[in-house]
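Below is one structure; the comments refer to it alone.
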Amino acid sequence: MLKQLARLSVDVEGRYATDKELQFLEAYLESVKDRLSAYEKIRDNEEQIIAQWEAQKRSRNENLFELNGKDITEICRRDMTNILRCSATFMLFDDLDRLQDGLLLWYKTIVKSFGYTKYAQINYQLIQDVIKLYLSAEEAALMLPVLQLDRAVLGAA
């Protein structure tokens, strides 16, 4: 959204924007109520979401909280919290480009360096399942593309 607004301000300098150029803004404004609601629900239920996400991961029996024989539960919890917060923020502002070019690019180097690509595939599928329990269908439709992008980028080999 912010990138699109910046581009629009440059593209229409000295003239009025066309209806077509304003479509993205109208679509965003139509979704603001659901975006705010989803963001607030995620924020207000963060502890429960993380706990349920963690429980889902533990039920997989794939040592998703272990790296080279070391318990990394606290690191995972911190990372899960950070990615949930960032994903909710990028959903709020409808800025998937910035998410992909910034946070995910940086985080992907970490995931790859630790050989945790398989973990990321599982992890970011599970959060999609969990988040649906906390959001309406309309809100989930706004949040799921962000989580799917997280999974696609971080789980790519």
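Of note:
- Candidates A17, A27 - the one that is surrounded by 12 or more Cβ atoms within 10 Å (Cβ to Cβ) and of a type in the set (G, A, S): A17
Here is a yes/no grid of residues against (1) at pLDDT below 90; (2) part of a helix (DSSP H, G or I); (3) not hydrophobic (A, V, I, L, M, F, W, C):
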residue	(1), (2), (3)
K33	no, yes, yes
K41	no, yes, yes
I49	no, yes, no
Q52	no, yes, yes
N63	yes, no, yes
A88	no, yes, no
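To keep it simple, each residue is scored yes or no on (1) within 20 Å of S87 (Cα to Cα); (2) surrounded by 12 or more Cβ atoms within 10 Å (Cβ to Cβ); (3) in contact with a helix residue (DSSP H, G or I) (Cβ under 7 Å, 6 or more places away or on another chain).
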residue	(1), (2), (3)
V32	yes, no, no
E47	yes, no, no
I50	yes, yes, yes
K57	yes, yes, yes
N61	no, no, no
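- Residues of region 86-119 that turn out to be without any contact (Cβ under 8 Å) to a residue 40 or more places away in the chain, surrounded by 13 or more Cβ atoms within 10 Å (Cβ to Cβ) and closer than 30 Å to K33 by Cα, as a count: 3
- Residue in region 65-72 that is farther than 21 Å from L144 by Cβ, surrounded by fewer than 15 Cβ atoms within 10 Å (Cβ to Cβ), without any contact (Cβ under 8 Å) to a residue 24 or more places away in the chain and among the β-branched types (V, I, T) present: no
The values are calculated or read from the model by the stated rules, or taken from the named source; none is laboratory data. All values derive from a computational prediction rather than experimental measurement. Here Cβ is always computed from backbone atoms with ideal geometry, including for glycine, and neighbour counts include all displayed protein chains.
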